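J.: Have a look at this one.
The values are calculated or read from the model by the stated rules, or taken from the named source; none is laboratory data. Note that this is a predicted model, so its numbers are computed, not measured. All Cβ positions, even for glycine, are placed from backbone atoms using ideal geometry, and neighbour counts span all protein chains on display.
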Number of protein chains: 2
Amino acid sequence: MHFTSQQRLADGILEREFDLGEIPGVLWTPTSSPAPLILLGHPGGLRRMYPRLAGRARQSAAYGFATATIELPGSGDRTPSADAEQARTDLHRALAAGEPVDEIVDRLVLPLVERAVPEWQTTLDALLSLPEISGPVGYSGGVIAIGVRLALVEPRIAAAGLFAGSFVPRVMFDEARRVMIPLHVLLQWDDEGNDRQQALDLFDAFGSREKTLHANMGGHTGVPHFAGDDAARFFVRHLRS
Amino acid sequence: MHFTSQQRLADGILEREFDLGEIPGVLWTPTSSPAPLILLGHPGGLRRMYPRLAGRARQSAAYGFATATIELPGSGDRTPSADAEQARTDLHRALAAGEPVDEIVDRLVLPLVERAVPEWQTTLDALLSLPEISGPVGYSGGVIAIGVRLALVEPRIAAAGLFAGSFVPRVMFDEARRVMIPLHVLLQWDDEGNDRQQALDLFDAFGSREKTLHANMGGHTGVPHFAGDDAARFFVRHLRS
C-alpha cells in the first residue's frame, strides 16, 4: 500500500489516496485512533463518486469510524472490460425494451464480483496492518452483489450496510440465504433504474437474524441525510460495542 | 378531561390517568414543558398494553415529547361490540382456513375507524388545552387504519409513525393516496399475523413526499429497541425543528 497524497479535511479527518498494485483507493481516518473500519462500496468511477464518498466518510468519521474505498475493476482509470461494457449496453437496451435481463445481469455482475471481492480482501489485509486502523470491519454501500459475497466469504466483516440499488444475479440468492451477519439494507423506493421487487426478495432471503430494511424516497442518488445517520448508528451498535 | 390518578416515574415523567366522558386514557409528560405531543396508538386493551405503552412513553420523553393514549371503542373496560367480536372470530377462522378476508376486515376495521377517530380528535382538543402540552402533534403506532384516517382528516397531526401490523380495508388505500404529511412506517417483516404484501402496497400508496419504511425482524411484538429510537428521531425532525 503506497500513499500518493494526503490532505487534512474539516473536523481533522486525514484523507490519503493510495495505490495497492494497480488498484487506486482512498483512506479517511478520524482524529481518534485506532478506529474501527468501514469499507465504502460504490458503483465504480472513483473521481465521479468522490463527492458522495467523501460525504459518507465525513458522516462516518463523526461516529468515530475510519473509511476506505477502492476503484472497481474496469472502472475509472483502470483497464476497461470490453465484456462488461457490452453487458452494460445490452442491459440498458433490454430494460428500455422491457425484455428479461437475468442473463445480462449474470454477464455484467458475476465477473465483477469474482474480481472485486479478492481485491477488497487484499485491501483489507493492507488496511488492518496500519496502526491507526483496528477491527471490527463493516462493509457499506453497493454494488450490493459484491457486499453479499463479501459478507459471506470474509469473516473479518462483522456487519454490512447494503445499498439495494443494483441488479443481483439470481444465483446469488443462494449466497444471501447463507449470510448470517447483521445487515442494514437501504432501498430507494422510487429508484427507477432498480428492480424494487428483487430488492425486497433479496432482503427476505438473507439468513441474518438481525436484518433491517430502510426504504426512502428521493430516487437512486437521493438518499436522505438522516438515512446515513441511521446507517452509522447501525455500525455503532455492531462495531463499537 | 378528569384526572383520576397520578404518579411520578423514573426520569421525572409524570403519568396521569384520565377519563374523558366514557373514554379512559393515560397522559405522560416530561419535566420540560410545554412539550410537543405524540398520540400513542395501540390495538386496544389499555391494561394489557400498559407495559409497552409506558415503555414507548419513556422512550419518547427522553426526546422531550409528551405522550397520551386512550382506550379504543369496544376494548378493555369499555362496552364490547358484538359485531366486532364476531368479525374478529371470523377473521381468525378465515386466516386459519386460508380464505379471503377482505369483507371481514371491512366489518372489523371500518366501524372502529369511524368511532375511534372522532374520539382521538376530542382527546386532542382536551390535551392541547393543557398548559404543559404544545403542538405540533404526531400520531404513533397502530391500529394503522386509524392512523391513516387521522393523518388525512386531522390537520393538527403534522407527522405520523405508523405500525403496519394490522389489516387495512381496501377502501382506505384511496385515503392513503391523499395522505401528504411525513410518514415513518414500521413493519415487522416476520409478523406472521400480518399481510406483509398489503403493508408494502400501503406504503407505496401513501402520497407523502417524505415517507420511510423501516422493516425489522422479531415478530409482531418484537420491535427492536433501536427501532423506537429511529421513530423518535423522525418525530424530532418533524415536531421539534
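J.: Polar (S, T, N, Q), modelled with pLDDT of 95 or more and closer than 18 Å to B:P136 by Cβ: which single residue out of B:T4, B:T29 fits that description?
T.: Sole residue among the options that is polar (S, T, N, Q), modelled with pLDDT of 95 or more and closer than 18 Å to B:P136 by Cβ: B:T29.
J.: If you don't mind, there's one more thing I want to ask. Can you tell me which residue is farthest from the other protein chains (Cβ to nearest Cβ) among those in the range B:203-222 that are assigned to a loop (DSSP other than H, G, I, E, B) and of a type in the set (S, T, N, Q)?
T.: B:T221
J.: Within the range B:5-22, which residues are closer than 18 Å to B:L124 by Cα and assigned to a strand (DSSP E or B)?
T.: B:E15, B:R16, B:E17, B:F18, B:D19, B:L20
J.: Looking at A:I38, A:I70, A:I23, can you tell me which residue is over 17 Å from A:G228 (Cα atoms), crowded, with 20+ Cβ neighbours inside 10 Å, at pLDDT 95 or above and not basic (K, R)?
T.: One residue alone meets the criteria, A:I70.
J.: Sticking with this structure for a sec: Can you tell me which condition B:M49 does not meet? The list is (1) at pLDDT below 95; (2) aliphatic (A, V, I, L, M); (3) under 14 Å from the mean Cα position of the chain (by Cα), and all the others hold.
T.: (1)
J.: Could you check how many residues of the range B:130-165 are part of a loop (DSSP other than H, G, I, E, B) and in contact with an Asp or Glu (Cβ under 9 Å, 6 or more places away or on another chain)?
T.: Qualifying residue count, the range B:130-165: 2.
J.: Could you please let me know if A:G228 is small (G, A, S), touching a helix residue (DSSP H, G or I) at 6+ places or on another chain (Cβ under 7 Å), within 23 Å of B:F234 (Cα to Cα) and buried (at least 22 other Cβ atoms within 10 Å of the Cβ)?
T.: Answer is no for this residue.
J.: Need the failing condition index for B:A205 against (1) closer than 15 Å to B:V148 by Cα; (2) touching a Ser or Thr at 6+ places or on another chain (Cβ under 8 Å), just the number.
T.: For B:A205, the failing item is (2).
J.: Among the numbered conditions (1) at pLDDT below 95; (2) buried (at least 18 other Cβ atoms within 10 Å of the Cβ); (3) among the hydrophobic types (A, V, I, L, M, F, W, C), tell me where A:A96 comes up short.
T.: Every condition holds for A:A96 apart from (2).
J.: For B:G135, indicate whether it is modelled with pLDDT under 95 and touching a strand residue (DSSP E or B) at 6+ places or on another chain (Cβ under 7 Å).
T.: Taking the combined requirement at face value, the residue satisfies it.
J.: Quick one: is B:E17 surrounded by fewer than 17 Cβ atoms within 10 Å (Cβ to Cβ) and either among the hydrophobic types (A, V, I, L, M, F, W, C) or closer than 30 Å to B:P169 by Cα (or both)?
T.: When the stated conditions are applied, B:E17 does not pass them.
J.: Now for a different question. B:S134 fails exactly one of the following numbered conditions: (1) within 14 Å of B:I38 (Cβ to Cβ); (2) surrounded by 20 or more Cβ atoms within 10 Å (Cβ to Cβ). What is the number of that condition?
T.: With respect to (1) within 14 Å of B:I38 (Cβ to Cβ); (2) surrounded by 20 or more Cβ atoms within 10 Å (Cβ to Cβ), B:S134 is out only on (2).
J.: Here's something else I'd like to know. Looking only at the range B:9-35, count how many residues are free of Cβ contacts under 8 Å to residues at least 24 places away in the same chain and of a type in the set (V, I, T).
T.: 1
J.: Within the bounds of the range B:141-161, is there any residue that is touching a strand residue (DSSP E or B) at 6+ places or on another chain (Cβ under 6 Å), under 26 Å from B:A61 (Cα atoms) and either within 12 Å of chain A (Cβ to nearest Cβ) or of a type in the set (D, E) (or both)?
T.: The answer is no; no qualifying residue exists.
J.: If I filter the range B:62-77 for residues that are acidic (D, E) and in contact with a helix residue (DSSP H, G or I) (Cβ under 6 Å, 6 or more places away or on another chain), do I get at least one hit?
T.: Yes: the range B:62-77 contains one or more residues that are acidic (D, E) and in contact with a helix residue (DSSP H, G or I) (Cβ under 6 Å, 6 or more places away or on another chain).
J.: How many residues does the range A:166-202 contain that are away from chain B (no Cβ under 12 Å), buried (at least 20 other Cβ atoms within 10 Å of the Cβ), out of contact with any Lys or Arg (no Cβ under 9 Å at 6 or more places or on another chain) and in a helix (DSSP H, G or I)?
T.: Count: 2.
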